[in-house]
Amino acid sequence: MRALNRWLCVLSVLVMVLGCMAGCDQNPSSGEQGTEAPAQNIDFAAEVKLDMESNTAKVKVNSIHAFIDGDTTHFEVPTSVAENGILKARYLAINTPESTGKIEEYGKTAAAFTKEKLSGASSIYIESDDANWNLDSTGGRHLVWVWYRNSEDEEYRNLNIEILQNGLAIASNSAQNRYGEKATAAIAQAKAQKLNVYSGKKDPNFYYGEAVELTLKELRTNIEAYNGVKVAFNGVITANEGQAVYIEDYDAETNMYYGMYIYYGYGLSGEGLDILSVGNEARIVGTVQYYEVGGTYQVSGLTYRQMKPNDPGNIQKLSDGHSPAYFPTEADTFINGKVEIEREDEIVAMDYAQLAQSTSIEMKNLVVKSIYTTVSDTNSNGAMTLTCEVNGVTVDVRTVVLYDENGALVTEEYFAGKTIDVKGLVDYFSGSYQIKVLSLANITIHE
């Protein structure tokens, strides 16, 4: 009897469970218990259509002038749209993480996504939100929708919305524009699918460490703010001098290079030193310091832990086979030039030479007017400063101690009264900027 009762009890429980399962609504949209349905996967970038008959301002792009980041591109367009033929576009409705200043999670991923989509496009249109070409808050970029297609038999896709639906941007007045409904729906879908910036996962293209991830442009244009701060950035090693190297990186937005003097001292050896070889693209991690004697900033405190090569605190080799840019520079630009830099949605003008400090440049047709030779008991004995002139502009060229192919010391007579072309590094000395030359091979004398 006891056994029968136990079996009857088990049977009754089983019936109750089966009944509950049959009676439960398994549709999650009802708000009750059930199996979770997969998140939607709607291609909102294809649902919106480029209407060539609408009254919005729009133009076909001739080509890409420069990729800046995930939400900013410079397009080559007819001069009827932009006087100089280049329209600096800021994408409407989106705000991708930063990749040109302080590096943010998914910033490089978003920039790579935009570049990939537009690089493979057979045709690109940009469209304003209304009948006018409207500027953003900086006054230097136009707010646009970007449309592209990969072949002539395809319809155009809206890149702004495609970036949103891939979770590579957050909203930026997304609802208050021409395609606001689709833009906000794309954001909601990316959140539901937990894509990229909404994933809660680490970005595989971002370094997670104590250093501030940034670009050399950000560091150079805001150098005082980073004094004493541990920073990390990428660039190409262009020269080695003593226990220091020079590094530079190109910025497409300003069409110039930004650089830094890196003092590594005696703390590196073996593979660590190899990373800093000229021609390598490297990731530098170190602390910004103000060098009182020279009145300049440098980065020092580099480390390399061979047993942990992927440690975010390590310097790292990224690639090799690169060369110094030796960016062609006019004397007037070097001495008197200004560069417009965006700072916190404000455009400020900064001295060209100040921003180009520690980068490699080339300057031609310098007429040597006078020469000063250093006389001292240091290793600078015999170094020269050539005071030159180009079209009425005075430029100083500073050399290290130079020797000719026979090992003989090069003296003033070698350059006096000559016209020369130089390749060197932008250097700051005694309150002014000059070109520092590290090799006789980098000075060409006109015959």
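State, as an integer percentage, the relative contact order of the chain based on alpha-carbon contacts under 8 Å between residues 6 or more apart. RCO, the chain: 10 percent.
In whole angstrom, the range 320-387 maps to an equivalent ellipsoid with semi-axes of 30, 17, 15, each derived as √(5λ) from the alpha carbon gyration tensor and ordered largest first. With the convex hull drawn over the C-alpha atoms of the range 219-263, the volume per residue is 84 Å³.
Over the Cα atoms of the range 48-158, Rg to Rh with Kirkwood Rh, two decimal places?
On the way: Rg = 13.6 Å, Rh = 14.4 Å.
Here the Rg-to-Rh quotient is 0.95.
Normalising the average separation of contacting C-alpha pairs (under 8 angstrom, six or more residues apart) by the number of residues puts the relative contact order of the range 183-336 at 21 percent. Distances between every pair of Cα atoms in the range 220-344, grouped in 10 Å steps from 0 to the bin holding the largest one, split as 12, 41, 35, 11, 1 percent. Taking every Cα-Cα distance in the range 341-447 and sorting them into 10 Å bins starting at zero, the pair-distance distribution P(r) comes out as 14, 44, 28, 9, 5, 1 percent. A quarter of the convex hull surface defined by the alpha-carbon atoms of the range 268-336 gives 6.7 nm² as the mean projection. Defining a contact as two alpha carbons under 8 Å apart and six or more residues distant in sequence, what relative contact order in percent does the range 72-146 show? Result for the range 72-146 is 29 percent.
In terms of overall dimensions, the C-alpha atoms belonging to the range 66-121 reach 38, 24, 19 Å along their principal axes, ordered largest to smallest.
For a test of the definition: using alpha carbon positions, the gyration tensor, and the 1.5 limit on a/c, classify the range 85-229 as rounded, prolate or oblate. If you can, show how the numbers build up before the last one.
On the way: a/c = 1.80, a/b = 1.40, b/c = 1.29.
Because a/c hits 1.5 or more and a/b exceeds b/c, the range 85-229 counts as prolate.
Of all the options Val437, Val229, Val348, the one that moves most in a Gaussian network model of the chain with Cα springs shorter than 10 angstrom is Val348.
Once the Cα gyration tensor of the range 294-408 is found, what semi-axes does its equivalent ellipsoid get, as square roots of 5 times the eigenvalues, in whole Å, sorted largest first? Provide the component values of the computation, followed by the final result.
Numbers: eigenvalues 201, 135, 44 Å².
Taking √(5λ) for each eigenvalue gives 32, 26, 15 Å, largest first.
Using helices alone, I'd like the mean residue ellipticity at 222 nm for the chain: each DSSP H run of four-plus residues gives -39500 (n - 2.57), total over residue count, nearest 500. Mind showing how you got there, number by number?
Working: 9 runs with 82 residues, N = 447.
Value at 222 nm, helices only: -5000 deg cm²/dmol.
Looking at the chain, what % of its DSSP beta bridges pair antiparallel, to the nearest 5?
On the way: 86 of 97 bridges.
In the chain, approximately 90 percent of DSSP beta bridges are antiparallel ones.
Rounded to the nearest Hz, the phi-derived 3J(HN,Hα) couplings of the range 347-361 under the Karplus curve 6.51 cos²θ - 1.76 cosθ + 1.60 (θ = phi - 60°) are 9, 10, 9, 10, 5, 4, 4, 4, 6, 8, 3, 6, 8, 8, 9, where x marks glycine and proline.
Using the C-alpha gyration tensor of the chain, what are the square roots of 5 times its eigenvalues, in whole angstrom, with the largest one first?
On the way: eigenvalues 639, 197, 52 Å².
In descending order, the three semi-axes are 57, 31, 16 Å.
Ala232: net charge of surrounding residues, Cβ under 9 Å, Lys/Arg +1, Asp/Glu -1, itself excluded? Its environment carries a net charge of +1.
Volume per residue, Å³, of the convex hull around the alpha-carbon atoms of the range 127-177? Numbers along the way, then the final one.
Working: hull volume 6.0 nm³, N = 51.
It is 118 Å³ per residue.
Starting from the coordinates of the alpha-carbon atoms of the range 247-303, obtain the Kirkwood hydrodynamic radius over all distinct pairs and give the value in Å to one decimal. Could the numbers behind the result be given before it?
Numbers: mean 1/r = 0.0783 Å⁻¹.
Roughly 12.8 Å, rounded to one decimal.
All C-alpha pair distances within the range 137-219, sorted into 5 Å bins from zero, spread as 3, 12, 16, 16, 17, 17, 13, 5, 1, 0 percent across the bins.
A short reminder: the numbers here are calculations on the coordinates, not readings from a lab. These numbers come from a predicted model, not from an experiment. All Cβ positions, glycine included, derive from the backbone under ideal geometry; neighbour counts span all protein chains shown.
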